[in-house]
1. Taking a ≥ b ≥ c as the square roots of the eigenvalues of the Cα gyration tensor of the stretch 35-99, is the shape rounded (a/c under 1.5), prolate (a/b larger than b/c) or oblate?
2. May I ask you to work out the translational diffusion coefficient for the stretch 56-299 at 10 °C, viscosity 1.306 mPa s, via Stokes-Einstein with Rh from the Kirkwood sum over Cα pairs, reported in whole µm²/s?
3. By the scheme Lys and Arg +1, Asp and Glu -1, what is the net charge of all other residues having a beta-carbon under 14 Å from that of E299?
4. Please state the relative contact order of the stretch 56-299 as a whole percent: Cα pairs under 8 Å, 6+ residues apart?
5. Treating cross-link reach as a plain straight distance, find the aspartates and glutamates whose alpha-carbon is under 18 Å from the alpha-carbon of K168, omitting any fewer than eight places away in the same chain.
6. Where the Cα atoms of the stretch 88-159 are projected onto their three principal axes, how long is each span, largest first, in whole Å?
7. Given the rule -39500 (n - 2.57) for each run of at least 4 DSSP H residues, summed and divided by the residues of the chain, what is its mean residue ellipticity at 222 nm, to the nearest 500 deg cm²/dmol?
8. Distance from the Cα centre of the stretch 146-218 to that of the stretch 53-79, in angstrom?
Amino acid sequence: MTLEELDKKYVLHTYARDYTNFVKGVGATLYDENGRDYIDFGAGIAVNSVGHNHPRLVEAICNQAKNIIHISNLQVIEPQAKLAQKMVQLSGYDMGVFFANSGAEANEGAIKIARKYGETKFENKRYKVITLEHSFHGRTITTVKATGQESFHTPNFSPYPEGFSYEKSIEDVYRAIDDETVAVLIELVQGEGGVQPFEKEEIQQLAAHLKEKGILLIVDEVQTGVYRTGEFLASNLYEIEPDIITLAKGLGGGVPIGAVMTRHKELLVPGDHGSTFGGNYLSTAAGLAVLEILEEYYESGAVAEALLYFEGKLQDIAARYPSLFEKEVGIGLMRGLRAKSAEIQAATIKSAMKEGLVILKAGRNTVRFLPSITITKAEIDEGFKRLESTLEKVSSN
Ligand SMILES: *Cc1c(COP(=O)(O)O)cnc(C)c1O
């Protein structure tokens, strides 16, 4: 059986899969089984934040595996405590951290915190969570319901939990608030929805309004966190102080980890929430190595340089292929080209693969770029060379 046959026979078909068999990665370069190289502008959907095979991350994982991989959360876990400290320090917020295993699970934790807040802090029960259209918050029954895309709420998986509603814009959120609203859950840059950043002033005003009303602001930083937007958190870039922040994707550099940070540190008590794997030795040792690498990188000015360089290249491409793309969108190393049609989007991603370039889709018509934060200028140059030959082919078809 070929690998494709094996996969099709035994793995459930929940993804529209490409069958290139990658066997190795170094930095932002991937190699398939035939030794062919690809520039990785997707980073495993914003996960490989320090690239593939970063020696310091590999060493941290190997060293940790040789000692202890896992002991339950009934014991104290040294790298977990250290990672929490690092996250709080880098964020600049006075918060505590709960560790989970994924973005959806982190958002579940955030919603539980909000629900308990709404149950215990007011005279009436407050339980409603407002999210935005085109958002994405995960695939569990609750987080899929929190996701503001009707196509996700098929009757196939109903009934869904109550208490979620979606608004078209930040403007509409104000009108939607009632005395049962406990929280507003937003991405500052919508990722899956199409790489769509919100205006800073708009977000700052909303944050101030929610604070005044005693409504929690939950920022889903599963994709925007860990330097993706140029700062440790997008919340830092937007200069707001959320009540709850969720993280996952880039935090473990590829090792599964999720986290909820909140300034309501006393709200959850033993028995309220938990996770068997969450915050175990392996994932938190990896997370700690990732943050140490990226903190140094950020302090050296390399993050700011990489994102300026990438942005310049992408703007140039957008300007040179007006027949294919409306505009360039995004912030930091979370970028997109808004294609003129879904066909152009699909053709670009497919032909890029043939040219040795991994790029992603987002929303209905966005070609998405989420390179590792540590990507080098040489890798960016090579990737854009391949993007250009891709677009030459797409536009001549
Ligand atoms: C990817 C993503 C999630 C879901 O994360 P999983 O690890 O796949 O559960 C949630 N929110 C946002 C903003 C995401 O980009």
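1. Details: a/c = 2.73, a/b = 1.48, b/c = 1.85.
It comes out oblate by the Cα gyration axes.
2. 87
3. Values: positive: K86; negative: E231, E292, E295, E296, E305.
That sum, taken over residues with Cβ under 14 Å, equals -4.
4. Values: 451 pairs, mean separation 73.8, N = 244.
Across the stretch 56-299, relative contact order equals 30 percent.
5. Hits, sequence-local ones excluded: E133, E150, D178, E187, E192, E199, E201, E202, D220.
6. 41, 34, 20
7. Numbers: 13 runs with 159 residues, N = 397.
It lands at -12500 deg cm²/dmol.
8. 36
A short reminder: the numbers here are calculations on the coordinates, not readings from a lab. Note that this is a predicted model, so its numbers are computed, not measured. Note that we place each Cβ from the backbone using ideal geometry, even for glycine, and neighbour counts take in every protein chain shown.
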